[in-house]
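The values are calculated or read from the model by the stated rules, or taken from the named source; none is laboratory data. Owing to the predicted nature of the structure, the values given are computational and were not obtained by experimental measurement. Using ideal geometry, Cβ is built from the backbone for each residue, glycine included, and neighbour counts are taken over all protein chains shown.
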Amino acid sequence: MKHLTKNDRLLFIFFTIMVLAGPIILAPFGAGYPDLLQRFAIFGLFAVGFNILFGMTGYLSFGHAAFLGVGSYSAVWMFKLLTMNVIPALFLSVVISGLFALLIGFVSLRRSGIYFSILTLAFAQMSYNLAYSVLTPITNGETGLQLNLSDPRILDAANTTGSIPSTNLFGLTMNSTAKFELLGLVFQFNVGFYFCALILIAGFYIAMRIARSPFGLMLLAIKTNQTRLNYTGVNTRPYTLAAFVISGMYAGLAGGLMAITDPLAGAERMQWTASGEVVLMTILGGVGTLLGPVLGAGFIKYFENIFSKINDSVLESWFSFLPEGLSDAMVFVLHFFVGKGWHLTLGLLFMLVVIFLPGGLMEGGTRLYNAFRSKDTKSSKDEPKAAE
Amino acid sequence: MSYLEIRGVNKRFGGLQALDDVNLSVEAGTIHAIIGPNGAGKSTLLNTFVGKLTPDSGTVTFDGQSLLGIKPHEINQVGVARVFQTPEIFSELSVLDNVIIPCLAKRDGSFKLNGLSLLSRQADIREKAEQMLIDVNMQDKRNMTASSLSRGDKRRLEMAMCLSQDPKLLLLDEPTAGMARADTNNTIDLLAEIQEKRKITKVVIEHDMHVVFSLAQKISVLAQGHVIVEDKPENIKGHPKVKEAYLGGTS
Ligand SMILES: Nc1ncnc2c1ncn2[C@@H]1O[C@H](COP(=O)(O)OP(=O)(O)OP(=O)(O)O)[C@@H](O)[C@H]1O
Ligand SMILES: [Mg+2]
């Protein structure tokens, strides 16, 4: 573990700049629109929190989407009952998902390894089914929980507009967007995105502090050797439970943010595929690294939203410069990898990463960096020789 | 006054009487060795001190407190540290972090939620850990990953981890098992050195008699679950019962 705080500070500054400049950086890639940018930030936060459990303690939860869902439901209820201001909503998301994680973690952490994973999966599927059918009065079942004109919203002024009010931060509405056009590109600066981005940055900062704290070192020790840690006088159970609850609260916060940017909550958010997705994000980006999970989340969401929109006619326009037979062949082959086939591309990419870069994209980045640096030092060593 | 007191301990595994009315008392500040041929019950006996096995009958008390039925981390909090037959270290972490962890556990107890305090700002812990590494001559390896150490160095590190907590009692299960000659001698020297610097009560389990003769103040010989002799090393060497046990064990 690094004790150097200077590197960490640089990393944090770099991260902050990249996130805040997201709308500018991603616009040329077709990903600079608010909806997707918000998703990048929200799932980045989800993955950062998940990594505190999985990356640091090694406990692989397959049920973290349950906390995401609980966070969304809590936030929407707050919008319905209290106010459209986002602060109380997020507060409730974090508290409820934390309590929920305490309960599930308390039971699941009695086992480790695959049994722990299966217990969390079982709990999450149970929550999903409850939300879908049994708890309909709270979750509105299949339709999902939505806002209504008749909701009380006791703290807000009487609504006279005749339409459902939008979520806001003390009057600053989340869906307002400033657009700029430059060099043929449209840059969109959206309040909702910047709100999510600030929370992501705060979440990243806290995760970084945890990683550099005595508590964080204990979590790493749990991953490495629990027997030794027990015989060192440490009770590992409260540590794993704390990590579980913290990551559950991150998930709940992410769920709350989803409700803020789009005020509805559905049971499908809690399904096992959603739990599996955050596992993939973390592994793809780099388990146990600070930046990796955010990268992984960005990658997967990019594929899901951009690759899936490339259809045959887009492909045809790309290859129109080729002779007809060849362009048809290219379109025929690539057809399987884009559009509805984006899963295939992502799956292949995931396999390649797991096989060749077990440390995820972060390992790839580190290798590239080292390769460049050794080249640099070589050439700088050569230079004085040449001067002689 | 004896520090560690074992009274009438019995343990059966199916039809096998692994421990048969074992009595043992260890004096404070001494090294007490338990030797015996393969399968004599040495590890079984040690496991009753550390919360891994509960004997069928008998008592194990340390400093007046019973060690039976309490969890490993509670045993450590009482002041008992343990070195394993194969070194148990945090192999993915750096050597320095390996020593920082027991220092933290000593200061913070069995659990502390200090997720926002920076470890790099905690000079007391760092200094203590660095000093410990100097004491065992490993300061130049502090940034290495523990898994890349030699077997002898892993053992050395494990001892440093235990010693950094200033335990009252140190249990060592075959500390030289499977080691090359040079590493064995190193470990023996280290133990002697530690004993000179800090008089920690130690119980050393050994299969190989020669390792403990120079170290121990007292030796108990265990055979088929029985303590057959308990005496000073010089009286153990030529003891007819011991010879018989070792010869009987190999034939
Ligand atoms: N969990 C167990 N279940 C059944 N039998 C056991 C168990 N543990 C140990 N034994 C048996 O008890 C006897 C004593 O074993 P123990 O491991 O204590 O011997 P030891 O003196 O440590 O031997 P070694 O020098 O080989 O380490 C052996 O016959 C062993 O097979
Ligand atoms: Mg043994």
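Per-residue answers, yes or no, for (1) surrounded by fewer than 17 Cβ atoms within 10 Å (Cβ to Cβ); (2) assigned by TED's automatic domain parsing to the domain that holds B:Asn23; (3) more than 13 Å from ligand 2 (Cβ to nearest atom):
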| position | (1), (2), (3) |
| --- | --- |
| B:Ile35 | no, yes, no |
| B:Ala40 | no, yes, no |
| B:Thr44 | no, yes, no |
| B:Phe49 | no, yes, yes |
| B:Lys52 | yes, yes, no |
| B:Ile75 | no, yes, yes |
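When A:Leu149, A:Leu145 are checked against the criterion of being surrounded by 15 or more Cβ atoms within 10 Å (Cβ to Cβ) and modelled with pLDDT under 95, A:Leu145 stands alone in meeting it.
Yes or no, residue by residue, for (1) assigned to a helix (DSSP H, G or I); (2) more than 15 Å from the chain's Cα centre (by Cα); (3) not assigned by TED's automatic domain parsing to the domain that holds A:Val107:
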{"site": "A:Met18", "(1), (2), (3)": "yes, yes, no"}
{"site": "A:Leu36", "(1), (2), (3)": "yes, no, no"}
{"site": "A:Val48", "(1), (2), (3)": "yes, no, no"}
{"site": "A:Leu60", "(1), (2), (3)": "no, yes, no"}
{"site": "A:Phe67", "(1), (2), (3)": "yes, no, no"}
{"site": "A:Tyr73", "(1), (2), (3)": "yes, yes, no"}
{"site": "A:Met78", "(1), (2), (3)": "yes, yes, no"}
{"site": "A:Thr83", "(1), (2), (3)": "no, yes, no"}
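All of (1) buried (at least 18 other Cβ atoms within 10 Å of the Cβ); (2) more than 12 Å from chain A (Cβ to nearest Cβ); (3) aliphatic (A, V, I, L, M) hold for B:Met144 with one exception: (1). Inside the range B:227-245, residues that are crowded, with 17+ Cβ neighbours inside 10 Å and at pLDDT below 80 make up a count of 2.
Among the residues of the range B:143-168, those identified as in contact with an Asp or Glu (Cβ under 8 Å, 6 or more places away or on another chain) and farther than 17 Å from A:Thr224 by Cβ are B:Ser150, B:Arg151, B:Gly152, B:Arg155, B:Leu163, B:Lys168.
Does A:Phe46 satisfy the condition of being in contact with a Leu (Cβ under 7 Å, 6 or more places away or on another chain) and touching a residue at least 60 places away in the same chain (Cβ under 8 Å)? Criteria met by A:Phe46. Return a yes/no flag: does the range B:37-46 have any residue that is within 16 Å of ligand 1 (Cβ to nearest atom), more than 14 Å from chain A (Cβ to nearest Cβ) and more than 27 Å from B:Tyr246 (Cα to Cα). Checking the range B:37-46: not a single residue is within 16 Å of ligand 1 (Cβ to nearest atom), more than 14 Å from chain A (Cβ to nearest Cβ) and more than 27 Å from B:Tyr246 (Cα to Cα). Going by the structure shown, is B:Ile194 away from ligand 2 (no atom under 16 Å from the Cβ), without any contact (Cβ under 8 Å) to a residue 24 or more places away in the chain and touching a helix residue (DSSP H, G or I) at 6+ places or on another chain (Cβ under 8 Å)? For B:Ile194, the condition - away from ligand 2 (no atom under 16 Å from the Cβ), without any contact (Cβ under 8 Å) to a residue 24 or more places away in the chain and touching a helix residue (DSSP H, G or I) at 6+ places or on another chain (Cβ under 8 Å) - is not met.
For B:Phe90, state whether it is at the interface with chain A (Cβ under 8 Å from one of its Cβ atoms) and either touching a residue at least 40 places away in the same chain (Cβ under 8 Å) or out of contact with any helix residue (DSSP H, G or I) (no Cβ under 9 Å at 6 or more places or on another chain) (or both). Lay out the reasoning, then the answer.
Details: at the interface with chain A (Cβ under 8 Å from one of its Cβ atoms): yes; either touching a residue at least 40 places away in the same chain (Cβ under 8 Å) or out of contact with any helix residue (DSSP H, G or I) (no Cβ under 9 Å at 6 or more places or on another chain) (or both): yes.
Yes: the conditions hold for B:Phe90.
Collect the residues in the range B:158-186 that are within 16 Å of ligand 1 (Cβ to nearest atom) and either hydrophobic (A, V, I, L, M, F, W, C) or buried (at least 18 other Cβ atoms within 10 Å of the Cβ) (or both), keeping them in residue-number order.
If the condition is that a residue be within 16 Å of ligand 1 (Cβ to nearest atom) and either hydrophobic (A, V, I, L, M, F, W, C) or buried (at least 18 other Cβ atoms within 10 Å of the Cβ) (or both), then B:Leu171, B:Leu172, B:Asp173, B:Glu174, B:Pro175, B:Thr176, B:Ala177, B:Met179, B:Thr184 are the ones that fit.
I'm checking my understanding of the structure. Among residues of the range A:228-255 that are small (Gly, Ala, Ser) and within 29 Å of A:Arg9 (Cβ to Cβ), which one is nearest to the other protein chains (Cβ to nearest Cβ)? Show your work before the answer.
Start the filter on the range A:228-255 by keeping residues that are small (Gly, Ala, Ser), which leaves A:233, A:242-243, A:247-248, A:251-252, A:254-255.
Still in the running and within 29 Å of A:Arg9 (Cβ to Cβ): A:242-243, A:247-248, A:251-252, A:254.
Values: A:Ala242: 6, A:Ala243: 9, A:Ser247: 12, A:Gly248: 15, A:Ala251: 17, A:Gly252: 17, A:Ala254: 19 Å.
Looking at residues that are small (Gly, Ala, Ser) and within 29 Å of A:Arg9 (Cβ to Cβ), I get A:Ala242.
Being surrounded by 14 or more Cβ atoms within 10 Å (Cβ to Cβ), within 15 Å of ligand 1 (Cβ to nearest atom), more than 19 Å from the chain's Cα centre (by Cα) and in contact (Cβ under 8 Å) with a residue 12 or more places away in the chain is not true of B:Asp56. Looking across the range A:235-248 at every residue that is touching a residue at least 12 places away in the same chain (Cβ under 8 Å) and touching a Ser or Thr at 6+ places or on another chain (Cβ under 6 Å), the one that is nearest to A:Gly113 (Cα to Cα) is identified as A:Thr240.
I want to confirm something. Restricting to the range B:193-207 and keeping residues that are more than 15 Å from B:Val50 (Cα to Cα) and within 13 Å of ligand 1 (Cβ to nearest atom), which single residue is nearest to the other protein chains (Cβ to nearest Cβ)?
The initial filter retains those residues of the range B:193-207 that are more than 15 Å from B:Val50 (Cα to Cα), namely B:193-201, B:206-207.
Right, trim to within 13 Å of ligand 1 (Cβ to nearest atom) and you get B:206-207.
Values: B:Glu206: 20, B:His207: 22 Å.
That would be B:Glu206.
Answer yes or no as to whether A:Gly44 is closer than 16 Å to A:Ile104 by Cβ, modelled with pLDDT of 95 or more, assigned to a helix (DSSP H, G or I) and in the same structural domain as A:Gly203 (by TED's automatic domain parsing). Criteria not met by A:Gly44. Just so you know, in the range B:47-62 the residues that are at pLDDT 90 or above and not β-branched (Val, Ile, Thr) include one that is nearest to B:Val211 (Cα to Cα), and it is B:Phe62.
Of all the residues in the range B:3-18, those that are under 25 Å from B:Gly79 (Cα atoms) and among the hydrophobic types (A, V, I, L, M, F, W, C) number 3. Count of the range B:90-130 residues, restricted to those that are polar (S, T, N, Q), farther than 12 Å from A:Pro214 by Cβ and at pLDDT below 95, is 1. For the range A:217-227, the set of residues classified as surrounded by fewer than 24 Cβ atoms within 10 Å (Cβ to Cβ) and within 7 Å of another protein chain (Cβ to nearest Cβ) consists of A:Leu217, A:Leu220, A:Thr224, A:Asn225, A:Thr227, listed by residue number.
If you go through the range B:164-191 and pick out every residue that is under 22 Å from B:Gln139 (Cα atoms), away from ligand 2 (no atom under 15 Å from the Cβ) and touching a residue at least 60 places away in the same chain (Cβ under 8 Å), you end up with 5. Based on what the data block shows, is B:Asn10 more than 16 Å from ligand 1 (Cβ to nearest atom), at negative phi and either touching a residue at least 60 places away in the same chain (Cβ under 8 Å) or away from chain A (no Cβ under 12 Å) (or both)? Spelling it out, it is not the case that B:Asn10 is more than 16 Å from ligand 1 (Cβ to nearest atom), at negative phi and either touching a residue at least 60 places away in the same chain (Cβ under 8 Å) or away from chain A (no Cβ under 12 Å) (or both).
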